[in-house]
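The values are calculated or read from the model by the stated rules, or taken from the named source; none is laboratory data. From a predicted model like this one, the values you see are computed outputs, not experimental measurements. Positions of Cβ are generated from backbone atoms using ideal geometry, with glycine treated the same way; all protein chains shown enter the neighbour counts.
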Amino acid sequence: MSLTAGERIDVVNIGLMLVACAVAMVIPFELFLFSYAILGPLHYLTEISWLHDKKYYTKGKYDAVVLLVIGLLVTLTNFSKYLELEFPQHFAGYLTYIAFLGSIVFVFVKNNFARIAGLLLIIVTSQLSEHFWLFFLVFLPTLIHVYIFTMLFMLYGALKSKSKMGVLSVVVLLLCPVLLYTVFPNTTFFGPSSYGITAYDLFRGVNRFSLSHFMNVPEQPSEQSWNEIIFHSQAGILLMRFIAFAYTYHYLNWFSKTRVIQWHKVPKARFAVVLAIWLISISLYIYNYSVGLQWLFFLSFLHVLLEFPLNYISVVGIGAYIRDRIFKSQPTPAQLSKK
């Protein structure tokens, strides 16, 4: 049976998932650090460029500007101690709440009065995010973005193209975490290097909150105790396998679908700027991983915000497909009256 071009890409993606799984089982920390530093910056830059050409999938001309301003404010909160600025507690969570719910308005509301009213209501209620700060500050920009939203994007594309191989790739994506937690669960293989532990320090929050909230790891009395669990315990290694896999495949999925998405078809000058910033970013990561993270924080967070409208379109598209399948399979009143 001959495969279409789209199906061949889906087969490649299944292979990439399995490769990412295999490497994540052996060297999860180093795989994550490599993917985040090398693949991550190119992904941010090319996706933002692609979304720009797609008008960010929003209805308003300046919707992306709102998300851009929110990204700048979140970046300021991240560097507040260096800039000697003070912000309310969980202020970045308020901003992410506004961007996340505001994107619903950007995508689905055309009337200007309704758009302004909707955004004002979201801003007024933004303090509700304080009760869900873990979701908005820790999980939404990280694991939900790289795993859940990637899966939804893949499923929407598979349903839209009616690709059975695409649906299979989504199934494999769902099964990969099961493999990572069940295959050789008692073997840590190569522990993280001293460089890996130092470089990963700024990411520890995701591991810590994931371990305590989803893997029943009790709160620890000291940072050293948390380090032992995150970097050397069975629970810590198993979780890191998933994190490394999710991030690595998130990037690989984007690049594997270049011909489908066609993010590379941009003006040569813009592409040259993208490549230049990417090379500078890699150089900074090589020089000092912490410096690279600080240099790219704005772009990494901005691409998450700018992708929110597309995430909603994927969810609605999946819902519409399911709705059509359910109601098309049922006879209409007119058809029943003919019987």
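A few notes on this one:
- Count - residues of the range 66-113 that are within 27 Å of VAL315 (Cα to Cα), touching a residue at least 24 places away in the same chain (Cβ under 8 Å) and of a type in the set (Val, Ile, Thr): 8
- Among the residues of the range 38-93, those identified as of a type in the set (Ser, Thr, Tyr) and farther than 25 Å from HIS264 by Cα are THR75, THR77, SER80, TYR82.
Table: residues versus (1) surrounded by fewer than 16 Cβ atoms within 10 Å (Cβ to Cβ); (2) farther than 26 Å from ILE14 by Cβ; (3) β-branched (Val, Ile, Thr).
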site: LEU180; (1), (2), (3): no, no, no
site: VAL183; (1), (2), (3): yes, no, yes
site: ASN186; (1), (2), (3): yes, yes, no
site: GLY191; (1), (2), (3): yes, yes, no
site: ASN253; (1), (2), (3): no, no, no
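- Check on VAL12, under 27 Å from TRP278 (Cα atoms), without any contact (Cβ under 8 Å) to a residue 12 or more places away in the chain and not basic (Lys, Arg): no
- Residue in the range 64-76 that is under 16 Å from ASN253 (Cα atoms), of a type in the set (Gly, Ala, Ser) and touching a helix residue (DSSP H, G or I) at 6+ places or on another chain (Cβ under 6 Å) present: no
- Residues of the range 157-178 satisfying the condition of being surrounded by fewer than 17 Cβ atoms within 10 Å (Cβ to Cβ) and either in a loop (DSSP other than H, G, I, E, B) or among the charged types (D, E, K, R) (or both): LYS160, LYS162, LYS164
- Residues of the range 271-285 satisfying the condition of being of a type in the set (Phe, Trp, Tyr) and either surrounded by fewer than 16 Cβ atoms within 10 Å (Cβ to Cβ) or farther than 17 Å from PHE298 by Cβ (or both): PHE271
- Applying the criterion of being closer than 16 Å to TYR251 by Cα and of a type in the set (Asp, Glu) to the residues of the range 1-57, the residue that is modelled with the highest pLDDT is GLU47.
- ILE318 satisfies every condition listed in (1) crowded, with 20+ Cβ neighbours inside 10 Å; (2) under 30 Å from LYS162 (Cα atoms); (3) not charged (D, E, K, R) except (1).
- Among helices (runs of 4 or more DSSP H) entirely within the range 205-301, having at least 1 residues that are modelled with pLDDT under 95 and more than 23 Å from SER194 (Cα to Cα) singles out 234-256, 258-261, 268-287.
- Flag if PHE106 is of a type outside the set (S, T, N, Q), surrounded by fewer than 22 Cβ atoms within 10 Å (Cβ to Cβ) and more than 18 Å from the chain's Cα centre (by Cα): no
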